[in-house]
Structure formats: structure tokens, C-alpha cells
Amino acid sequence: MIARKSLRQIRPRALIVLIVLGLPMAFPQSTAEAKVDLVTLPERDRVQMTIYNTADLTLIREVRRLTLRHGGNRLQFGWANTLIDPTSVSLRALKNPDKVALLDVSFPPRTRGLAEWNIDSEIAGEEPVEITFFTSGISWNAFYLATLTPDERAMDLEGYVRVTNRSGEDYANAQTRLLVGKINLIDRIIDLARREFPYGLPAEIAVTPAAPPEAKVMLEEAERVMRKVAKEVEKKPKEIIKEALSEYFLYTIEGTETIPNGWGKRLPSFKQPGIPVVSLYKYDEERWGDRVLRFLQFKNDKDHKMGREPLPGGLVKVFRRIDEEAHLSYEGADTTRYIPIGEKVELNLGAARDVRVRPVLIEFRTDHFMFNNRGDVSGRDEYRTFRVEVSNFRSVPIKVEVWRHFDTVHWDLTNYGDYGVYEKVDLKTAKYSLELPPNTKKVFTYGLTTRHGRRAE
Amino acid sequence: MRRAKLGLAILGFLTLAATNAQGRIKLVALPERDVTIIRLDNPHVCFVEEERVLTLQKGVNKVDFSWKGVRIDPDSIRLRVLSHPEAVQLLSLSFPPDEAALVWEIASPEGWEERVRISYLLSGLDRLVEYRARTEKDEKNLALNAYMVLRNFSGEDFERAKVFLDSEDAFEKRIQNGETKRMLFFTAGPIPIIKTYTWDAAVKPHDPDKTLETVGIPVHYIVENKVNHGLGDSALWAGKARIFQDDGQGTSVFIGEDQATFTPVGDRMELYIGDTREIKVTQRKMFEKKVNVRRNNGNAVVLYDTDELFTVKVENFKKEPIVLTLIEHIPGQWDVEESNFKYEKETANRIKFLIPVSANGSEMLSFHYHRRNCR
């Protein structure tokens with residue numbers, strides 16, 4: 001059995017400390033004594049975490065109750081061995097914002113991980129303040145579990161988020177929000193957190209690299225925190241409220257979460273049964289050689305019982321129900337991109353064995369030669385005929401796309417047979433879209449004329 | 001560790017020749033600084049002016065000024081006599097060997113108190129500007145807080161210094177050696193924002209379906225430094241700008257940061273806040289042919305024109321209408337045959353389209369042009 005240690009003994013490295021030094025500001029020299037004159041060690045009243053997924057960044061907002069004296073107050077904020085960006089720390093009085101003014105923030109010499117706020121207060125007594133800052137080390141990612149019906153015409157999709165805290169700081173009973181979006185950052189928060197001097201040094205002085213903080217996970221302490229809050233855990237799954245904000249989406253998790261340092265937490269984000277899907281197979285020699293790739297296609301819209309929220313990028317594991325007892329088989333996995341509302345989704349499940357596309361060159365000839373003044377060939381046409389055989393060996397209906405690329409922009413095509421829908425995609429690309437019932441084969445041919453040299457002019 | 005310190009000592013010599021051999025002896029109490037001014041209006045250099053009151057004796061006085069451990073540019077040091085500029089004369093200035101020090105010889109007709117101003121350029125003390133903006137939820141306006149960050153690694157403590165930036169307003173601060181101090185500089189707002197989305201054909205992939213990640217389209221906020229926009233008093237200095245947005249829940253969300261550039265009054269500050277993934281742009285070359293081919297006597301092609309057509313599909317997945325700024329680059333000499341959207345020729349080879357797209361809608365730009373006299 002491990003002996004119970006005090007909080008300070010267990011985690012001396014990673015602790016945000018906030019101390020009010022209620023001293024008149026007329027004696028700024030008395031810093032050494034002031035730090036002993038500890039007035040309050042206010043606990044966090046409320047914590048809100050906004051976690052970003054495209055950058056290693058979390059915005060923490062905490063509300064603490066300070067006991068202020070009339071006049072000058074100095075407040076010390078320590079973040080040693082956390083991953084907090086000290087330049088991001090700000091403070092705001094909530095009840096009396098006009099009477100409590102933050103005069104300045106000082107990062108004193110010969111100290112690390114410590115800032116002093118000079119606050120001028122026209123009131124004496126308790127004042128709730130909001131402290132915000134950025135930290136590195138807390139992350140979230142989305143992932144999905146999809147289950148296809150046996151006929152592969154529909155899919156149940158479950159979305160999850162996983163939040164992981166490696167910030168060096170425990171966050172108990174925090175309102176947790178996740179931000180989906182690509183923000184611009186000019187400095188990495190981890191780099192700002194590790195700077196020896198919060199704002200660096202004036203350019204001409206050489207910078208001494210700071211030692212990185214220890215990233216040891218404090219399991220005992222984390223377990224203690226977990227036990228403490230275990231009683232407060234609700235038994236029903238929490239809802240995640242999602243709303244658009246600027247170019248981003250904000251997911252707010254119902255209630256509060258406790259995520260001690262070193263721990264992760266998985267939360268359900270949504271569940272949607274019966275999404276109609278198309279089994280789509282693609283053949284594109286330029287991208288995948290002679291393999292046929294299998295895709296699951298649907299759209300993030302109302303027609304597909306979706307369209308309420310964008311889907312953050314993440315790994316989708318796809319299973320299929322194979323019998324009445326709902327046994328599953330694993331079909332494959334793909335990492336999706338970010339899918340906005342209204343956008344189509346194509347999950348790449350890898351190479352297919354039971355769908356085959358075989359284009360074969362069955363005829364080649366040349367004609368319309370042109371000659372220059374010296375009698376050399378200066379232009380010609382080439383004629384090729386391809387036969388494309390598309391086979392569906394599966395017991396489900398499928399859609400197949402056959403992509404063809406040409407190495408010249410001077411071409412013409414003539415299509416024959418069961419080629420489905422033909423589309424010229426761009427200057428050098430054509431596409432055939434076919435639908436095949438179970439266990440069927442379709443064959444089509446196309447005649448390709450390409451013009452070369454002066455024939456192309 | 002010995003603290004770096006600026007020292008100033010007056011050595012009053014009444015009998016000049018006799019005392020030369022004794023060297024410099026600190027005779028008089030060190031005069032404390034009276035007023036210190038730190039000027040940071042030049043972004044690269046810190047200029048310090050300090051005033052002290054010297055007790056001069058009749059005759060020649062030696063004033064010793066030393067700056068061990070302080071990063072002063074010795075050639076920039078100047079002394080200006082303020083109380084009796086006509087009567088008191090600066091005779092000479094000399095640097096003792098191997099010391100960060102100098103000695104002024106000052107001749108005074110009377111024994112009196114003399115106010116002097118010593119000025120010098122100082123390294124290791126500078127300022128940064130940092131902005132923190134909060135936009136309204138509808139992104140129509142923002143409120144701006146500008147902070148000044150003083151970094152003092154000059155070797156010298158300044159107990160009470162008047163810090164001047166680029167205006168006549170100063171603020172008084174105590175800043176120790178090794179200290180960094182951040183303070184609110186000014187607040188402004190509400191300031192109207194222009195929000196733009198820019199897709200540049202030279203930068204972004206043309207087929208977003210073939211990329212591994214969803215292609216982001218850069219979003220900028222444009223703020224004008226004008227009086228009727230809540231600003232316009234003075235230039236906005238370059239510095240990091242962090243932008244938050246009101247989230248409608250009583251709190252705010254961080255939505256991105258950028259390095260703001262120096263913005264004079266009347267100019268625009270452009271801040272890249274992040275990428276939108278709610279707009280999709282797909283560009284395709286649909287047609288290209290050599291036309292008007294001209295040949296030399298040997299029948300080789302020497303000149304030709306082209307006939308080209310590209311299409312750009314813009315899809316808007318947002319619930320609000322947008323206007324996309326689309327940038328295209330066409331090399332050489334060219335002219336347009338047909339375009340279904342208006343364009344602006346920004347340079348000889350760069351054109352800009354403004355493409356409005358309705359909420360959840362899409363638009364297709366079709367641009368038919370010729371390049372001329374290609375070789």
C-alpha cells in the first residue's frame with residue numbers, strides 16, 4: 001500500500017498557484033517579505049476548457065474568488081512545470097470590472113514560472129475574477145465506428161471523441177468544449193511554455209534554451225482525483241451541443257468533466273442508424289495501379305439522415321453485420337477528412353478482391369502522317385480501341401467508376417456497349433460510371449484517337 | 001553576483017596639477033537620477049536620457065561616469081548642461097583603460113548645483129506590442145486591447161522611468177534588470193471588420209477530392225486604421241494579435257492569431273485568423289489548343305497563340321452567403337475571350353475574381369482566354 005502523501009509532496013512540479021499578496025504598492029521593494037504574507041490561496045470555483053484539435057492548444061478559463069484590499073494588491077501566479085503559455089495569461093474582474101483594474105503584469109528577474117499582477121482595487125472584500133490562459137498538452141480527436149447492414153445498403157454510424165490530458169495539471173469538474181477548426185497559430189504553445197523568459201530576450205542577446213519540464217504522469221494523484229469525483233459521475237450518457245462559430249464548430253459537452261493529468265476520456269458524440277450508403281468501386285491506374293478500390297459513399301446531409309453537424313476528421317472503422325445474431329466482420333478502416341454539412345463522404349476501405357476491372361487494348365493503328373520539308377514525319381494520328389470488362393462477383397449491387405487518363409490533350413473518344421454514364425472530367429481525364437447488379441458483368445469498348453506533332457495543331 | 005550599476009561620481013579638483021598623480025578619487029556623493037526618460041519610438045534602438053544634479057565647485061571638475069555590466073554604446077554618450085549652459089563648459093571627455101567608464105572635465109565659474117542631462121543608446125531594453133481582440137458573435141465588429149511589453153535585459157535597473165513610445169504621452173514604470181512587464185497600452189472599439197476568404201490557384205490544390213486532408217481556405221479579418229472606425233489616432237505597431245470571439249455563452253473562444261504588420265493611419269491591417277473548410281474550390285482545365293501557329297522557312301513553329309478554358313466550381317457549405325476572392329495567374333501576354341464573372345487585373349499576370357455564393361449553394365466560373373505570341 002502506498003502511503004498517502006500530501007498534494008504538494010506528490011506533485012511539486014505541476015501546480016498552478018495563485019497567491020494574493022495584499023500589500024500597499026508604495027513598497028515595491030519589499031518583494032521578499034511580501035511573498036510570506038500570504039493572504040489567500042483561492043481555489044478554482046469554475047473551470048472551462050476549450051480544446052483545439054488541429055493545434056496543441058487548450059484555452060482554460062477559470063473563475064476564482066480573490067479577497068482584495070482597498071488600494072494596491074499584488075497577486076502572484078505560478079505555473080512552474082505546467083505547459084502554460086505565460087504570455088497568454090489574463091485576468092478580469094467579474095463583479096466590479098470598473099473598480100478593479102489590472103495595472104500591469106510583471107515577470108520578475110531571477111524567477112521562472114512566476115508572474116505578479118499589480119491590481120488597483122477600489123473595493124475591499126471578495127471579488128470573483130476570471131483568469132484565462134493557453135496550455136499545451138490537452139488534446140482531443142474524433143473517431144467513428146460504422147456498422148453496415150448485411151446488404152451494404154445502409155450503415156449505423158457512431159461518432160466519439162477522446163480527450164487526453166498530458167498538460168501537467170489536473171482539471172476537475174471542468175466544463176469541456178471542443179473546437180473543430182483550423183486556426184492560424186504563429187507560435188506553438190509548447191514552445192512558449194518552455195521559454196526561459198516569457199517574451200524571450202531582445203534580439204541581440206543569445207537565448208539560453210530552457211530545460212523541458214518533466215512529463216511524468218502522476219498516477220497516484222490522478223487516481224485520488226478520480227475517486228473524489230467518482231460519486232459525481234452521472235449515469236446517463238452526456239449530450240454534446242454543437243454550434244457553428246465563425247469558420248469553426250464548437251462542441252460543448254453537457255455538465256462537467258474531470259480529466260486528471262495523464263488520463264484520457266472517451267465520450268460519445270452522436271449515433272445515427274440507417275444511413276443509406278452506396279458501395280462504390282473505383283479503378284484509376286494513375287492513382288492505384290491495376291487494383292480496384294472499395295469505397296463507401298454517402299453524404300453528410302438530410303437525405304442521408306445526417307447533416308446536423310460537420311464530421312471532424314478521424315479514423316472510421318467499418319464493420320458489417322453478417323447474420324441474424326448480429327455477428328460482425330471487419331471490413332476496413334479509413335481516416336476521413338473534415339466533412340462539412342452537405343459534403344459527400346467516400347470512405348476508402350482498400351483494395352477489393354471481388355470486383356474486377358480489366359481494360360485491354362484490342363486494336364492499334366496509325367494514320368494521317370504529315371511530313372516536313374526534309375521528308376521526316378512531322379505529324380500523325382494514333383487509333384486505339386480498348387475493351388473494358390467490369391465484373392461484380394459480390395452478392396450485392398454496386399457502383400463502379402472507371403477513370404481513364406490520356407497523356408495528350410489532343411484526343412477524341414467514341415464509346416460503344418454498356419458503358420453507363422460517360423463524363424469528360426478535364427482536359428486529360430474521362431470517367432465511366434456503371435451500376436452492376438449482384439454477380440453480373442458489363443463490357444464496353446471505346447475508340448481513342450490521339451493526334452501528335454503537326455496533327456495536333 | 002555583482003549587480004551591474006551605472007555610477008556617476010564627481011571629482012572636484014581645486015588644485016589641478018598637484019592631484020593628477022593621485023588618479024580619480026571619488027570625492028563627492030553619487031548624485032541620484034532625477035528624471036529618467038526611456039524612448040522606444042525607434043523599433044530597433046532604446047534611447048535613454050537621465051537628468052542628475054551635480055554639485056560643481058568653482059574651477060575644473062571631473063565627473064566620472066561608469067557602466068560596468070550595462071549595455072551602453074559608449075560612443076553615443078552625451079552630456080548636456082541645463083542650469084547654466086552659457087557659463088559651464090565641457091572641456092574634455094576621456095576613457096580610462098580597461099573600464100566601462102568615462103571622465104568629463106567640466107569647468108564652472110562658480111560653485112553651484114548644476115542640472116545635467118546624460119543620454120545614450122542602450123542595448124537589451126526593448127518593447128513589444130501585443131494585441132488581444134474580441135469580436136462580436138456575428139463578426140461585424142471587434143474590441144481591441146493593445147498591450148505594451150517591456151523587456152529589460154540591459155544590465156540596469158530603472159526605478160522610476162518615463163517611457164515614451166511614438167507619441168508625446170509617457171507612462172511611468174519601474175523596471176528591473178531581467179524583468180519583463182506587460183501593461184495595457186490602449187483600448188479601442190467597436191471597430192468594424194471586413195472578413196475575406198481567399199483561394200489562390202498558385203497555392204491551393206486544384207482537385208480537393210484528391211487531397212488527404214480537407215483543403216482549408218484562408219480567412220482574413222481586415223481592420224482599417226481610421227477615425228470613424230474607432231482607431232486613427234496613431235499608427236498601429238507591429239505585434240502578435242490574438243483574436244477571440246464572443247461565443248454567445250457569456251465567454252469567448254480563441255479563433256486564431258497572426259503577426260500584425262505596422263499599420264499607419266488610413267491603412268488597413270490584415271490578419272490571417274485561420275482556414276475555413278466550409279468552402280470547396282475545384283479548378284479544372286477543360287480545353288487547350290495551339291492556334292494561329294506561325295512558322296519559319298524551315299516550317300518549324302516560331303510563334304503561336306493558345307485557346308484555353310478552365311472552370312472553377314465554388315461550393316459553399318455555410319448557412320450564410322459568402323464572397324470568395326479567387327486569384328488566378330496567367331503568364332505572358334493574354335486576353336480574355338469570355339468570362340461569366342467579372343474580374344480585376346491586379347498585375348500583368350494576376351487576376352482577381354469576387355465570386356458571391358449563396359448559402360449552401362455553388363457557382364461555376366468559366367474562363368475562356370488566349371495567350372498570345374508564345375514561343
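Annotations
- Computed from label points 7 Å out along Cα-Cβ, the spacing between B:Lys58 and B:Asn299 is 11.3 nm.
- Pairwise centroid distance, computed over Cα atoms, of segment A:301-317 with segment A:143-181, Å: 12 Å
- Converting phi to 3J(HN,Hα) with the Karplus coefficients 6.51, -1.76 and 1.60 and the offset θ = phi - 60°, segment A:101-108 yields 10, 8, 7, 6, 10, 10, 9, x Hz in sequence order, with x at every glycine or proline.
- Using C-alpha pairs under 8 Å with a sequence gap of at least 6, the mean separation divided by the residue count of chain B gives a relative contact order of 11 percent.
- Mean projected area of the convex hull spanned by the Cα atoms of segment A:52-209, taken over all viewing directions: 13.6 nm².
- Label separation (A:Asp303 vs B:Val291): 3.8 nm, computed from points 7 Å beyond Cα along the C-beta direction.
- For the peptide B:251-262, the mean number of other protein chain Cβ atoms found within 10 angstrom of a residue's Cβ is 6.
- Packing order of peptides A:56-63, B:290-297, highest average first: A:56-63, B:290-297 (average count of other Cβ atoms within 10 Å over each peptide's residues).
- Per residue convex hull volume, Cα atoms of segment A:274-351, in Å³: 106 Å³
- For segment B:336-375: rounded, prolate or oblate by the Cα gyration tensor [a/c cutoff 1.5]: prolate
- Pairwise FRET efficiency - A:Ala203 versus A:Arg266, Cβ, R0 = 41 Å, nearest 0.05: 0.35
- Cut-off 9 Å between beta-carbons: net charge of the residues surrounding A:Ala101, Lys and Arg +1, Asp and Glu -1: -2
- Rounded if a/c under 1.5, otherwise prolate or oblate - chain B, Cα gyration tensor axes: prolate
- Stretchable slack from A:Phe371 to A:Thr414, in nm (0.36 nm times residue separation minus alpha-carbon distance): 12.7 nm
- Distance between the 7 Å Cα→Cβ label points at A:Asp187 and B:Lys140: 3.5 nm.
- Global geometry of the protein assembly as shown, whether rounded, prolate or oblate, following the gyration tensor of its Cα atoms and the 1.5 cut on a/c: oblate
- Shielding by partners for peptide A:330-341, expressed as the average number of C-beta atoms from other protein chains within 10 Å of each residue's C-beta, is 3.
- Qualifying trypsin sites (Lys or Arg not before Pro) in segment B:111-154, where qualification requires a DSSP coil assignment and no more than 14 other C-beta atoms within 10 Å, comprise B:Lys137, B:Lys140.
- With the largest listed first and rounded to whole Å, the semi-axes of the equivalent ellipsoid of segment A:355-456 from the Cα gyration tensor are 34, 13, 8.
- Per-pair calculated FRET efficiency, R0 = 60 Å: B:Ile37 and A:Glu457 via Cβ, rounded to 0.05: 0.20
- Averaged over the residues of peptide B:239-249, the number of Cβ atoms from other protein chains lying within 10 Å of each residue's Cβ is 4.
- Mean Cβ neighbour count within 10 Å, used as a protection proxy, ranking A:77-88, A:109-120 highest first: A:77-88, A:109-120
Every read-out reported here was derived from the displayed coordinates using simple, explicitly stated rules and does not represent laboratory data. Everything numeric in this text was worked out from a predicted model, so none of it was measured. FYI the Cβ positions are ideal-geometry reconstructions off the backbone, even for glycines, and counts take in every protein chain you see.
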